[in-house]
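Everything below concerns the one structure shown next.
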Amino acid sequence: MVAKLRVLVLLPVAALLAGCDKKQNALAPASHQSKDIASLFWWMMGGAWIGLGLIVAALLYAWGRRGTAGPGNRKPGEKTGWYVVIVLGIVTPIVVIAALFVIGDLFVIKTTEAPAASSTRLTVRVIGHMWWWEVRYPGTSAVTANELHIPVNTPVRLEVQTKDVIHSFWVPRLNRTIDTIPGRTNQIELYADTVGRYRGQCDEFCGLQHAHMAFYVYVDTPAAFHRWLAHESKPVASPPPKVFETAGCATCHSLRGTSDDSDVGPDLTHVGSRTTLAALAIPNGKAHLEDWILHNQSIKPGNQMPDIPLGGAQASALAAYLEGLK
């Protein structure tokens, strides 16, 4: 019995602590848009608790007055009860919902809607694939995957598209979610108050590896961002080894500065500089690269890259080359 009581007590505590991680927490805002969204949530939560309190108080009052009857078998407080029903059950919900609608429409929706092109200094294009994110910086040759870089305190116009099914781009600490719709380009503003790394996630079920379709947004100082963008725009420093062609890598991947320009899979020009592989599925590094080349279907089942049957020396050489693409 004591053990069961402990479980009942600890379960709510565990549920509360599960929401304390700020990696992907919409209630730990890092931009003015996400602050407005969080504020609306707390207003709604406060209104819900006040409403619940009023209902519980009315029920307790009615329970305390039960069992007595007045003249003509009319129960005392019956008229008051009708007033309570009308005020708390009809008028109050209408007023509260209308107030929340006005707050949401005048403040939150206008803050989080797509920005005008003239109001942003930078455009980033993100293209959803099953199951990874392609990132391009129009006006430059920079192309990366699953990692965006933006400057701090700078409004960035984000254009989202898809190459296949509907995905949904969401960075909870920076702004609301936005869908990628086939044949359309949707826009949203990304803005961050603080330098740091923010985790994002596909928020629309899109198939087997939907849960492993994550990404990072790196918020840099303006100087660091421009250095990163200039470096990311450069072609590869050295041509690929022969195994890159014989293993079929060039069939799906690009290496800018070479004749390999396929866009089926992620651009590998600077793959060694990324912190993760396969949309945050595993860390980056030579050992993980080699494991991914040989056994990626075990790591991320259903992804569109086949396991490549290479010998140990070939796989090691290919992984070493890719790791060196900084």
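The values are calculated or read from the model by the stated rules, or taken from the named source; none is laboratory data. The model shown is predicted, which means the values in this text are computed figures rather than measured ones. All Cβ positions, glycine included, derive from the backbone under ideal geometry; neighbour counts span all protein chains shown. What goes into the accessible areas is simple: the full protein's heavy atoms, side chains included, and nothing from ligands, DNA or RNA. Shrake-Rupley method; radii C 1.70, N 1.55, O 1.52, S 1.80 Å.
Being under 26 Å from Asp263 (Cβ atoms), among the basic types (Lys, Arg) and at pLDDT below 95 narrows it down to one residue among Arg136, Arg157, Arg125; which is it?
Exactly one residue qualifies, and that residue is Arg157.
Please state which one of Arg184, Arg256, Arg173 is over 29 Å from Gln304 (Cα atoms) and open to solvent by 30 Å² or more (accessible area, probe 1.4 Å).
Selected residue: Arg173, the only one of Arg184, Arg256, Arg173 that is over 29 Å from Gln304 (Cα atoms) and open to solvent by 30 Å² or more (accessible area, probe 1.4 Å).
Where the second residue is not hydrophobic (A, V, I, L, M, F, W, C) and the first is without any contact (Cβ under 8 Å) to a residue 40 or more places away in the chain and lies in region 35-60, which pairs have Cβ atoms under 8 Å and are six or more apart or on separate chains?
What qualifies is Lys35/Pro29; Ala38/Pro29; Leu54/Thr92.
Test Leu40 against the stated conditions and say whether it is of a type outside the set (Gly, Ala, Ser), assigned to a helix (DSSP H, G or I) and modelled with pLDDT under 80.
Answer is no for this residue.
When Leu208 is evaluated against the numbered criteria (1) open to solvent by 30 Å² or more (accessible area, probe 1.4 Å); (2) touching a Gly at 6+ places or on another chain (Cβ under 6 Å); (3) part of a helix (DSSP H, G or I), which criterion, by number, is the only one it fails?
Looking at each condition in turn, Leu208 falls short on (3).
For the list (1) open to solvent by 20 Å² or more (accessible area, probe 1.4 Å); (2) modelled with pLDDT of 95 or more; (3) in contact with a helix residue (DSSP H, G or I) (Cβ under 7 Å, 6 or more places away or on another chain), I need the number of the one condition that Pro241 fails.
Against the list (1) open to solvent by 20 Å² or more (accessible area, probe 1.4 Å); (2) modelled with pLDDT of 95 or more; (3) in contact with a helix residue (DSSP H, G or I) (Cβ under 7 Å, 6 or more places away or on another chain), Pro241 comes up short only on (2).
For the condition over 16 Å from the mean Cα position of the chain (by Cα), open to solvent by less than 20 Å² (accessible area, probe 1.4 Å) and of a type in the set (Asp, Glu), what is the one hit in Asp193, Asp261, Asp267?
One residue alone meets the criteria, Asp267.
A quick yes/no check of all residues on (1) at pLDDT 80 or above; (2) surrounded by 11 or more Cβ atoms within 10 Å (Cβ to Cβ); (3) over 19 Å from Arg173 (Cβ atoms):
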{"residue": "Val9", "(1), (2), (3)": "no, no, yes"}
{"residue": "Ala18", "(1), (2), (3)": "no, no, no"}
{"residue": "Ala28", "(1), (2), (3)": "yes, yes, no"}
{"residue": "Trp49", "(1), (2), (3)": "yes, no, yes"}
{"residue": "Leu60", "(1), (2), (3)": "yes, no, yes"}
{"residue": "Arg65", "(1), (2), (3)": "no, yes, yes"}
{"residue": "Pro71", "(1), (2), (3)": "no, no, yes"}
{"residue": "Val84", "(1), (2), (3)": "no, yes, yes"}
{"residue": "Asp105", "(1), (2), (3)": "no, no, yes"}
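Of the numbered conditions (1) assigned to a loop (DSSP other than H, G, I, E, B); (2) within 18 Å of Ile188 (Cβ to Cβ), Gly139 fails exactly one; give the number of that condition.
So Gly139 meets the others, but not (2).
For region 90-103, enumerate the residues that are at pLDDT 75 or above and open to solvent by less than 80 Å² (accessible area, probe 1.4 Å).
The answer is Val91, Thr92, Pro93, Val96, Ala98, Ala99, Leu100, Val102.
Name every residue in region 211-232 that is touching a Lys or Arg at 6+ places or on another chain (Cβ under 9 Å) and either in a helix (DSSP H, G or I) or at pLDDT below 95 (or both), in order of residue number.
His212, His231
Do you know which residues across region 212-236 are within 26 Å of Trp131 (Cβ to Cβ) and open to solvent by 70 Å² or more (accessible area, probe 1.4 Å)?
The one that is within 26 Å of Trp131 (Cβ to Cβ) and open to solvent by 70 Å² or more (accessible area, probe 1.4 Å): His212.
Restricting region 295-326 to residues that are touching a residue at least 24 places away in the same chain (Cβ under 8 Å) and hydroxyl-bearing (Ser, Thr, Tyr), which is surrounded by the most Cβ atoms within 10 Å (Cβ to Cβ)?
So the residue we want is Tyr321.
Only residues in region 167-185 that are charged (D, E, K, R) count as the first member; pair them with residues that are crowded, with 21+ Cβ neighbours inside 10 Å and assigned to a loop (DSSP other than H, G, I, E, B), Cβ under 7 angstrom, at least 6 apart or cross-chain, and list the lot.
Filtered contacts from region 167-185: Arg173/Ala30.
Please count how many residues of region 272-289 are in a helix (DSSP H, G or I) and surrounded by 21 or more Cβ atoms within 10 Å (Cβ to Cβ).
Matching residues across region 272-289 total 1.
Can you name the condition, by its number, that Pro301 falls short on among (1) within 21 Å of Glu134 (Cβ to Cβ); (2) within 28 Å of the chain's Cα centre (by Cα)?
Condition (1) is where Pro301 drops out.
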